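Worksheet: the structure to be examined is printed underneath.
The values are calculated or read from the model by the stated rules, or taken from the named source; none is laboratory data. The structure displayed is predicted, hence computed values, not measured ones. For neighbour counting, all protein chains shown are included, and Cβ atoms are generated from backbone atoms with ideal geometry for every residue, glycine included. Side chains included, ligands, DNA and RNA excluded: accessible areas come from the protein's heavy atoms. Shrake-Rupley method; radii C 1.70, N 1.55, O 1.52, S 1.80 Å.
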Amino acid sequence: MKKVFVILVACGISQAAQLENWRLPYYDAAARMALLESSPSGMFWDNLESSAPWGNRLWPDSSRLALNHWHFEPSYGASFSNLPYIDGKKLYWYLDALNEIRFRNLLVRQTLDVDSRYSQDPLYFWKQDRGAAGRIEEAYAQLDWNWGMFRFGRLKRNWGPFIDRSLILSAHPHTYDATELQFHSSLFEFRHLFAAFPYAKSGLDTDTESRTNRYLTAHSLNIMLGSWVTVGVTETVLFPRADGFPDLQYLNPFSVYTVTNTNGEGSGNLMLGLQWKVHPFLKEVELLGQINFDDFQVDNEKIGDQEPMHWGGDFGVRWIDPVPVKWNHVVSAEYTRMSRWIYTVNNAGADRGERYLYNRKSLGYEFNDGDRMEVSGLVAGDDHWLAELGVISTRKGPTGLRTRWSEHEAYSETGENRTLGYRDEPPFSDRDSIEHSIDIFLEGRAYVRDFAEAGFRVSNCWIKNKDNAPTGGYAYEPRVEFFLAVHFSDFFVPLPE
């Protein structure tokens, strides 16, 4: 008899869907319990693989997927909520499909995402006047070898220790076409990515809607000291070019972008990130996180170049199996803090399209000018169920990813006494318009292999200053959501070896 899995996972601020596969909630839970990592360093999230505690009852058979094959998984579902979705309706439907072909060391993979909410989504810029609107979320070819891989096509990946988010390069924006190169050994993992944002789409990210080509380059080096310590550094640069070939020093995976950008050899919006996963004393305790520095500065006192170094931090601590019971479980606390002006640029940079955006969605974390703290406990039991209960506190200021810097041209005759609004970062306690929400969450998910899944989400939210409009107190906004989906996972055709 096929078993049923009941899943309880977090609600609150939604994070970007990783790998565009309906198994994501299960995959995320296994990773949080340190039962799964998707790359040698654990800082990149690539492929779905079998993992405890569910085994092959839930995951595809890894040994079978390693053989030459054609694999196809369709999924169709609908969701109903007591509060409207982004399209103003309380019911929406979606269709997902995964298609994968492997022949020896070559993998070709596509994922389709169709969603009825796209018809009213202001950040969906394609055909919205038809019965179905969707996107090819992933479409790439990947060549693997013993010490690395090369991937080309449409990608959706997080770079960092958290599966569902990243401050510096995340799966939050609409997907983009890029090349990605990886090398690794038992000591290190290195990645390099280069993407082009053509003017037809890049105009959405410039204040002048100019026909400017924009490019993203990124590389990351992570050092693994056994299974106890992983630390790494990531550099990215988003830079525009009105015409001509992009700067070769940014195409060079071995260049140090921080020096190149700071020294004026190249221009663009530089992000410097540090990430880590550390077991400080016990193997069961894990510290993980990421810090992002926007436009690393050596000296910010020079007239005309007085931007301070804005930053964001994402910190987590997890204690795996702290109680002597037979079920896998984890207790965790996570805190994210984003500067008021991170990812943004000055007026001239906004015209050129140097904000850290793609199609008006952040290439890193989904918002700036805010913070978020979550405390939760998660339990997985006997190959049947998983449960999570927790509290989320979120604060969000009015500054957005497309906010212009406040530049007040107040020079004296000597060129001094210039007041620059973007140098001001007042604490949340001194600002009257901060939106603050407290969410006690619970979600249930039941899964029958190869047939269907059903679930619900209950969110008890108290919100103050909603949409940054002062309200003087907290308003209770409960949300209850139900969903039902059908899928088929056993379409598998072996190919000749």
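Write out the GluC sites (Glu not before Pro) in the stretch 211-301 meeting two conditions: DSSP loop, and at most 12 other Cβ atoms within 10 Å of their Cβ. Kindly include the intermediate steps, with their values, before the conclusion.
Numbers: sites: Glu235, Glu265, Glu284, Glu286, Glu301; in loops: Glu265, Glu284, Glu301.
Within the stretch 211-301, the qualifying GluC sites (Glu not before Pro) (loop, at most 12 other Cβ atoms within 10 Å) are Glu301.
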**Q.** Given charges at beta-carbon only (K, R positive; D, E negative), |dipole| of the stretch 66-142 in Debye
**A.** 80 debye
Q: Set the Förster distance to 22 Å, then compute FRET efficiency between Ser267 and Arg404 from the Cβ-Cβ distance, nearest 0.05.
A: 0.70
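Counting only trypsin sites (Lys or Arg not before Pro) that are in a DSSP loop and have at most 11 other C-beta atoms within 10 Å, tell me the longest site-free stretch of the chain. Mind dumping the intermediate values first?
On the way: sites that count: Lys2, Arg104, Lys127, Arg130, Lys283, Lys326.
In the chain, the maximal stretch lacking such sites is 327-497.
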Q. Based on DSSP H runs of at least 4 residues, each adding -39500 (n - 2.57), what is the mean residue ellipticity at 222 nm of the chain after dividing by all its residues, to the nearest 500 deg cm²/dmol?
A. -1500 deg cm²/dmol
Q. If eta is 1.567 mPa s and T is 4 °C, what Stokes-Einstein diffusion coefficient results for the stretch 96-221, Kirkwood Rh from Cα pairs, in µm²/s?
A. 78 µm²/s
Q: Tell me the label-point distance for the pair Ala132, Glu477, using the 7 Å Cα-to-Cβ offset, in nm and rounded to one decimal.
A: 3.2 nm
Q: Whenever you get a sec, compute what percent of the accessible area on the stretch 92-212 sits on carbon and sulfur atoms (1.4 Å probe).
A: 58 percent
Q.
Once each part is reduced to its C-alpha centroid, what is the distance from the stretch 330-389 to the stretch 158-218 in angstrom?
A. 16 Å
Q.
Taking 51 Å as R0, compute the FRET efficiency from the Cβ-Cβ separation of Leu91 and Phe245 and round it to 0.05.
A. 0.55
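With +1 assigned to the C-beta of every Lys and Arg and -1 to the C-beta of every Asp and Glu, and no other charges, what is the dipole magnitude of the stretch 430-480 about the Cα centre in debye, to the nearest 20? Please list the in-between numbers first.
On the way: 7 positive and 9 negative charges, 31 e Å.
The calculation lands at about 140 debye.
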Q: Please give the contour-minus-distance gain from Leu495 to Ile440: 0.36 nm per residue of separation, less the Cα-Cα distance, rounded to one decimal in nm.
A: 14.9 nm
Q: Report the one residue of Thr344, Phe441, Phe492 whose Cα lies farthest in the direction of the positive end of the charge dipole of the chain (charges on C-beta: Lys and Arg +1, Asp and Glu -1; origin at the Cα centre).
A: Phe492
**Q.** Of Lys89/Lys127; Lys277/Lys464; Lys283/Lys396, those spanning more than 26 Å from alpha-carbon to alpha-carbon
**A.** Lys277/Lys464; Lys283/Lys396
Q. Whole-Hz Karplus ³J(HN,Hα) for the stretch 345-351, in order, using 6.51 cos²θ - 1.76 cosθ + 1.60 and θ = phi - 60°, x for Gly and Pro?
A. 9, 6, 4, 5, x, 5, 5
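With every protein chain left in place, what is the accessible area per residue of the stretch 95-137 in square angstrom, probe 1.4 Å?
Numbers: 2300 Å² over 43 residues.
Here the residues of the stretch 95-137 average 54 Å² of exposed surface.
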Q. Ala380's amide H: which non-local residues (gap 5+, or another chain) put their own amide H closer than 5 Å, with H modeled 1.01 Å from N in plane and none for Pro or chain starts?
A. Asn328, His329, Ala387
Q) Relative contact order (percent) for the chain, with alpha-carbon contacts under 8 angstrom and 6 or more residues of separation? A) 17 percent
